[in-house]
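One structure below.
Since every read-out is calculated from the coordinates, none of them should be taken as a lab result. None of these values were measured; they are calculated from a predicted model. Neighbour counts run over all protein chains shown; Cβ positions are idealised from the backbone, glycine included.
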Amino acid sequence: EIPWDILSSIPSNDQKLYFLTSIINYGLNLIMPERSIKVHPNDRPWVNSNLKSLINRRQKAFASGNVTLFKMLRNKVNRERKRCRKSYYQSKVHNLRNTNPRDWWREVKQLCGTSKLNNKSVKDRLHQDLWQETDINLSNKIKMFL
């Protein structure tokens, strides 16, 4: 239960806003806590943490010279890789097949590894005269243009 009567006793509006946002943030953190994940740009889109842990275990078995464990983990990695690719296809690409052909082909090419994501900055697309501008000056020029 939130004691709303405290809001009336807070003198300034800034403090009231701070109190209210802290209550909202606390509630949101209870309902939807933030999670941090590592994203590796060279990984295929279907690679998940379970597959990566299996690959690490397989590589450790290979490095230690344990052939039987390595072969067992090699087979597990291959089965898990196939399962991950299948579930990725069913969740992403299969649904796109009935919509836009361009989006479907983009996902298929990414799945096959034939296309790379475009990570160009917005500044790379600007005219050469604007490359040396600071972000503040650039935003001011855009505002003046609009």
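Computed quantities for the displayed model
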quantity	calculated
Calculated FRET value between Leu28 and Asp135, using beta carbons and R₀ = 35 Å, to 0.05	0.75
Hz values of 3J(HN,Hα) by residue in the range 38-46 - Karplus curve (6.51, -1.76, 1.60), Gly and Pro given as x	8, 10, 9, x, 8, 6, 5, x, 8
Sparse-neighbour loop sites [trypsin sites (Lys or Arg not before Pro); the range 1-106; at most 11 other C-beta within 10 Å; DSSP]	Arg35, Lys38
Sites matching chymotrypsin sites (Phe, Trp or Tyr not before Pro) across the range 1-75 that sit in DSSP coil, with at most 14 neighbouring C-beta atoms within 10 Å	Trp4
Förster-model FRET efficiency, 30 Å R0, Ile142 and Thr21, C-beta, rounded to 0.05	0.50
Fully extended contour minus Cα-Cα distance, from Lys109 to Val39, at 0.36 nm per residue	23.2 nm
